[in-house]
1. For GLY151, list long-range residues whose amide hydrogen, built 1.01 Å from N in the peptide plane, is under 5 Å from its own amide hydrogen.
2. How many angstrom separate the Cα center of the stretch 1-35 from the Cα center of the stretch 259-285?
3. At 0.36 nm per residue, and after removing the present C-alpha to C-alpha distance, how many nm does the segment from MET216 to GLN243 gain when stretched out fully?
4. Taking 0.36 nm per residue of sequence separation and subtracting the Cα-Cα distance, how much length would be gained by fully extending the chain between GLU161 and TYR309, in nm to one decimal?
5. In whole Å, largest first, what are the principal axis extents of the Cα atoms in the stretch 168-287?
6. Please check the chain for the longest run free of trypsin sites (Lys or Arg not before Pro) that are loop-located per DSSP (anything but H, G, I, E, B) and have at most 11 other Cβ atoms within 10 Å.
7. Dipole of the stretch 187-345, Cα-centred, from +1 at each Lys and Arg C-beta and -1 at each Asp and Glu C-beta, to the nearest 20 debye?
8. Return the long-range amide H neighbours of VAL307 (sequence gap of 5 or more, or a different chain), with a cut-off of under 5 Å between placed amide H atoms.
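Throughout, read-outs are computed from the coordinates displayed, never taken from laboratory work. Because the structure is predicted, anything quoted here is derived from the model rather than measured. Cβ: placed from backbone, ideal geometry, glycine included. Neighbour counts: every protein chain shown.
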Amino acid sequence: MRVEMIATGEELLDGRVANTNARDIALILGRYGLTLSRVTTVGDDPKELAEVFQSVAGRADAALVTGGLGPTDDDRTAEVFATLGGVELTFREGWMEKLEAYFARLQRPMSDSNKKQAYLPEGSMLLDNPVGTAAGFSMVLGSCRFFAMPGVPREMKTMTEDCVMPILLDMGGEALTLPLLHTYRCFGMGESQAADRLNDLYPLPTGVDIGYRAKMPEVHISLKVFPALVEGDAEGLFADLTQKVRERLGAFVFSEDPKQSFVQAVAQLLLDNNMTLAMAESCTGGLVGSLLTEQAGSSAYFLASAVTYSNEAKRDILGVDEALLATHGAVSEPVARAMAEGARRVAKSSIAASITGVAGPGGGTPEKPVGTVHIAVATEGETEHCQLQLTGSRHRIRTLSAYGALQLIRRVITKNPDLPLTYALRKG
């Protein structure tokens with residue numbers, strides 16, 4: 001089944017808004033073994049909209065259209081579809097009642113312009129929108145069934161899941177059964193390195209797909225087996241490939257839970273081991289503390305974060321010896337170790353980590369160029385250290401430094417020396 005997407009709106013063409021709806025729709029379709037064959041972006045001009053709709057109507061089986069269902073004059077999707085279908089826009093009393101109830105709950109008067117949203121092409125199927133004011137609709141033009149949905153991402157995703165997918169699954173029949181899916185979330189390598197590790201599994205059997213998605217600094221790898229396309233035992237093939245992929249990715253995998261981020265995996269590790277953490281950060285400015293405290297329940301394991309940017313703060317708050325600072329400089333192994341040990345002592349935590357480095361774009365020297373970062377993790381009686389030599393923007397260096405600290409924490413807790421620390425590492 002050929003499925004296309006049409007994203008409408010001038011704001012998508014001039015860069016004011018990113019077209020995240022294309023990504024979200026592709027992800028939803030992918031769970032059912034469908035892929036988008038084409039994504040088209042078009043503005044709000046009725047002539048341009050009509051040309052795109054007519055073109056897609058002649059080649060696709062289904063098309064998901066986003067945008068143009070709002071209350072303003074530049075929202076023209078419904079009227080263009082009505083014109084192409086040779087029908088009028090008809091008043092949907094039931095939707096008007098929902099609109100009135102929606103604004104009543106908000107204790108706000110409904111604007112006259114919102115009444116426009118109760119007019120849909122005659123004969124079209126209304127698609128419910130429980131989280132917004134724009135009703136979607138579905139109608140057939142040529143050989144294609146169109147699904148017109150609001151452009152607001154939350155509304156679009158709800159409508160796609162609840163209204164569109166059941167119809168598409170019915171259109172696709174047995175070929176659109178849910179695939180067997182397994183996800184591997186990795187840290188410490190890029191997509192190309194992950195692909196190299198799985199290279200010997202190719203060519204993949206019919207009905208098998210391996211997908212790669214980089215979400216810096218993580219890489220997410222999905223294994224899908226589509227039972228309707230596999231000859232023989234699909235579940236047996238899936239089990240065999242699941243183990244083979246796991247073995248080849250090895251210690252790079254931090255989770256096989258598709259919803260667990262790297263930060264959440266580290267937080268869970270602290271909880272599972274009944275450990276508390278304190279941080280001492282310089283060049284990252286409290287980024288690790290921010291990442292951890294974004295997680296609900298972080299007070300159970302996260303005690304304190306000291307952003308000791310100046311040498312005086314390192315000395316006065318963490319107790320770093322002035323002699324170390326004078327001899328080695330703030331960006332050094334001895335100071336990183338002293339910062340971690342000081343944070344653990346002050347916070348009385350089970351474990352503490354420190355980060356000190358040159359995030360750039362200025363401040364580097366030949367001995368300590370931009371991207372030089374020292375990380376240390378202190379536990380009772382032992383402190384482990386690593387040095388990173390990173391490249392890229394200030395944001396990239398800070399982000400990879402924060403994740404490098406989290407990985408070193410993970411490695412110290414698990415006592416697994418095979419855990420890769422980050423993309424560029426000199427261990428010390």
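1. GLY67, GLY68, LEU69
2. The two parts, judged by their Cα centres, are 34 Å apart.
3. Values: separation 27, 0.36 × 27 = 9.72 nm, distance 2.52 nm.
Full-extension gain reported as 7.2 nm.
4. Full extension of this stretch gives 48.5 nm more.
5. 56, 33, 26
6. It runs 17-258.
7. Approximately 300 debye in magnitude.
8. Those qualifying (amide H under 5 Å, at least 5 residues apart or on another chain) are GLU281.
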